[in-house]
Amino acid sequence: MIRAALLVALLVTTAAADEPPPLVTVHAEAAPDTTTIGTRVRYEVTVNAPPGVEIVVAQPAERIGDMDIVDFGTEAPAPTPDGRVVFRRWWQLVAWSPGNHLLPSPEVRYRPPGGELATAPADDVGVTVESLLARTPDAADIRDVKAPEPIPVDWRPYYVIGGGLLALALLALLAHRLLVRPKRTVAAAPPPPPHVVALAALDALRARALVEHGAFKDFYSALSDIVRRYLEDRFRVRAPEMTTEEFLLATSRDGRVAAAHRRLLGEFLTESDLVKFARHVPTIADSERAFTAARRFVDDTTEPAGRSAA
């Protein structure tokens with residue numbers, strides 16, 4: 001029995017040794033791994049790949065695990081002595097509840113030269129969040145902060161200045177009416193609402209039949225440009241000048257785009273980046289789904305007044 005067990009262990013060890021190491025490795029770490037509620041944790045993912053391999057790292061929209069994203073960044077790829085390339089991306093995370101939090105590493109997809117798109121093995125890490133109340137021996141003795149006393153404001157100088165400015169404005173208006181003849185001006189037609197422009201552009205894109213001719217990259221580039229231009233006109237976000245990661249973080253901070261729409265945009269823009277930069281070849285069904293998602297986003301986020309005007 002002992003010899004049989006040793007033989008099985010030897011076979012398993014030999015099989016594991018014969019298995020080639022992964023082409024692209026992912027290593028994640030969090031510092032510190034033990035923190036308190038509301039304290040920032042630096043979460044870093046390091047991707048190690050051979051030269052010439054194209055890498056796409058998914059960007060979470062709002063949080064990693066159950067910790068909120070408050071900042072993020074990317075370090076420039078650096079070669080190692082053995083010729084491999086190291087790529088790092090980091091996030092600043094904050095937790096609002098105590099306990100053990102699992103941080104799953106974002107999906108890393110890669111394509112070797114002349115190869116197919118693949119997914120690198122993930123690396124998950126844990127962070128322990130402790131409560132400050134549990135650390136304080138007299139935590140029950142907590143009192144509210146006394147509100148500051150308001151400083152009284154003397155409004156009289158402002159009344160005098162405001163009255164003088166109002167009198168000057170009235171005199172200037174009267175002089176303008178007496179000295180300058182009013183001229184009739186033709187009011188310019190108001191620009192079309194953003195959703196009208198976007199829907200017209202989507203119809204024009206479908207009429208070009210790029211998917212039917214196999215021009216998937218041109219189709220996704222044009223579709224992404226239409227959505228980003230609509231975002232700029234509708235939500236006043238400089239979407240055409242932002243990366244996908246910057247746009248998702250900016251809209252999650254100010255709340256201009258609802259969470260459901262951010263998730264829809266995150267999936268759509270990530271797929272567009274794969275097609276444009278990682279040479280991912282979608283199917284006709286994928287292209288139709290992306291077009292439908294873009295049109296549904298425009299329809300769902302149309303302003304009520306703009307919808308009625310259309």
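Annotations
- Accessible solvent surface per residue of region 22-114, calculated while the other protein chains remain in place, 1.4 angstrom probe, Å²: 47
- Full extension of the segment from residue 208 to residue 122, taken as 0.36 nm per residue of separation minus the current Cα-Cα distance, would add 26.9 nm.
- Relative to the current alpha-carbon distance between residue 288 and residue 130, full extension at 0.36 nm per residue lengthens the span by 52.1 nm.
- A Förster radius of 51 Å, combined with the Cβ-Cβ distance separating residue 218 from residue 168, puts the computed FRET efficiency at roughly 0.30.
- For residue 36, the residues whose modelled amide H falls within less than 5 Å of its own, excluding neighbours fewer than 5 places apart on the same chain, are 130.
- 3J(HN,Hα) from dihedral phi, region 204-211, Karplus parametrisation 6.51/-1.76/1.60, rounded to Hz, x for glycine, proline: 5, 5, 4, 5, 6, 6, 5, 5
- The gain in end-to-end length when the residue 36 to residue 71 segment is fully stretched comes to 10.8 nm, 0.36 nm per residue minus the alpha carbon separation.
- Here the peptides 215-228, 40-53 are ranked by packing, the mean other Cβ count within 10 Å, and the order with the highest first is 215-228, 40-53.
- A crude spin-label estimate for the pair residue 25 and residue 243, with each label 7 Å from Cα along the Cβ direction, gives 2.4 nm.
The values are calculated or read from the model by the stated rules, or taken from the named source; none is laboratory data. Keep in mind it's a predicted model, so treat the numbers as computed, not measured. Quick reminder, even Gly has a Cβ in these numbers, built from the backbone with ideal geometry, and neighbours come from all protein chains shown. For accessibility, only protein heavy atoms count, side chains too; no ligands or nucleic acids. Shrake-Rupley method; radii C 1.70, N 1.55, O 1.52, S 1.80 Å.
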